Amino acid sequence: MKLLHRFQSARFVLTAWYSFLLCLFFIILGWSVYFYLDHLLRQNLDDDLRAEADWIYQLIDVERNIARPRRKSLAVIGDIEDRITKHFRIDQKNYAVLITSHTGQELFELEHHDFEKLFVRPPQQGKVDLQTIHPDDSEPVRVATIDADGVFIYVAFPERNIQAVLEHVFFIFFVLGPVTLLIAIGGGWIISGAVLKPVRDLARQTKSITATNLTKRIPTRSVPDEFGLLIDSINDTLARLEKSFDEIKQFSMNVAHELKTPLTILRGEAELALTRALSRQEFEQLITTYLEETGRMAHIVDDMLTLAKGEAGQIPFQKNRVQVGLLLQEIYEDALTLASTKDISVHIEESREATVLGDESRLRQLLRILVTNAIQYTGRGGTVTLACRVREESVLVSVADNGIGIPSESLDKIFDRFYRVDNARSRVSGGSGLGLSLAHWIATSHAGTIDVQSEIGVGTKFTFSVPRVN
């Protein structure tokens, strides 16, 4: 099993592919060199044969027409035999030369390797013709022929010399091939091991990081290579995981804290009721307390469920064209009712007609959360101001108050779940602690943003922006 796993390892696969590609390249290179060399040698041989046949032709022509113009053409051959013999014996090797008359009479013969008489197709007048013949029990011979006005010239060369060179080349590649393959396998194994070593180290270091030590990070590389980018990506992922775990822990603590108080109250009331008989008034008060606390817990659970489903994309949005000005007017009328008990003044500073694409009920919920918070944390006789402003591509809706304000160090946490500002967002003031988290989710779900500006003792202003449609 271990051997099978080794064959499936990245190191083995890389080595196998590296060796296969190198071997394939070597084979292609070998065959390419072999066929190119074969073509080049045969082309050079044809050029040499053509040149030698043409040289003899020119030699006969000069002797016949210039040096001895009045002698018979066949007698000229005897005068140049020495020159032809000397040329081929001193400067050339392995050539065979045959000169005959048109009737087949042999005028000159030079055979270094006992070639049989060459019987080939008749030469062409004044033009060198090349062909390959296969004498009986002999190797192929390349022959150049030409007709010099009745004198037939044959120049031959055995192809075994070319074949010998090609066999040497083939032998070299045949010997070097296995050696090269062994070197490729060994080198590929070593190189792949060196390349994958950072991956093994990375796997070992990553494996050592668990939920209990998410603060641990993998040491970065000094070289900004692909492994360095991978390490940076893993460290970023660990940072996000650490943040998520911290948020989950904090969320769990907040949920436990929020539910602990109403449960404690319910338990205390129940234990008190068991210690003595209750009057009708006390019994009604107990029931009222139970309804209030269970309602508070139901509200928390509903908000938590809404957030969880919303972030998981399980809450469908019915996006339609919404007139923000009309929606703001509706919220303004609700705010007047809520603010009347605290003698808070509510007014609309600016309301421009604008249309957005969204879920009207969710946008109404967002505005109601902001207005409720503004009235809740504004003292008696305070002011809450609503406004709707239009920009080129967006609509800005703001809810401002002159209440107690939010400390600057809390502004970046105000949209976190269950986050409460000391003395300002206490349980005494009611609420689940999830309202602003819901508002933030609704705004972002509409491709918008929500911001807060606040100063202690001066007031708070929430502004959310959503894309505008024509």
Picking from Tyr18, Tyr57, Tyr36, the residue that is assigned by TED's automatic domain parsing to the domain that holds Phe152, at pLDDT 80 or above and closer than 27 Å to Leu176 by Cα would be Tyr36
State whether the residues of segment 272-294 include one that is touching a residue at least 40 places away in the same chain (Cβ under 8 Å), under 29 Å from Ala439 (Cα atoms) and out of contact with any Leu (no Cβ under 8 Å at 6 or more places or on another chain). no
Conditions (1) modelled with pLDDT of 80 or more; (2) in contact with a strand residue (DSSP E or B) (Cβ under 6 Å, 6 or more places away or on another chain) -> Gly150 fails only (2)
TODO: Taking Asp412 as the residue in question, decide whether it is within 30 Å of Asp246 (Cα to Cα) and either loosely packed, with under 14 Cβ neighbours inside 10 Å or not β-branched (Val, Ile, Thr) (or both).
DONE: yes
Looking for something assigned to a helix (DSSP H, G or I) and among the charged types (D, E, K, R) - is there at least one such residue anywhere in segment 317-327? no
Picked from segment 416-445 (must be modelled with pLDDT of 70 or more and among the charged types (D, E, K, R)), the residue nearest to Ser252 (Cα to Cα) is Arg417
Apart from one, (1) free of Cβ contacts under 8 Å to residues at least 24 places away in the same chain; (2) of a type outside the set (Gly, Ala, Ser); (3) assigned by TED's automatic domain parsing to the domain that holds Ala443 all hold for Asp302; the odd one out is (3)
message = Scan segment 230-249 and tell me whether some residue there is assigned to a helix (DSSP H, G or I) and closer than 30 Å to Tyr290 by Cβ.
response = no
Checked Leu266, Leu202 against criteria (at negative phi, of a type in the set (A, V, I, L, M) and assigned by TED's automatic domain parsing to the domain that holds Thr289); the one match is Leu266
Pairs returned, first residue in segment 377-400 that is crowded, with 19+ Cβ neighbours inside 10 Å, second residue that is in a loop (DSSP other than H, G, I, E, B) and of a type in the set (Val, Ile, Thr), beta-carbon separation under 7 angstrom, 6 or more apart or interchain, are Tyr377/Ile404; Thr378/Ile344; Gly382/Ile344; Val384/Ile344; Val384/Thr378
Counting only residues that are surrounded by 14 or more Cβ atoms within 10 Å (Cβ to Cβ) and at positive phi, segment 133-191 contains a total of 0
Only unsatisfied item for Leu357, checking (1) over 29 Å from Glu247 (Cβ atoms); (2) at pLDDT below 90, is (2)
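The values are calculated or read from the model by the stated rules, or taken from the named source; none is laboratory data. Model, not experiment: these values are computed from the prediction. Glycine gets a Cβ as well: all are built from the backbone with ideal geometry, and neighbour counts include every protein chain shown.
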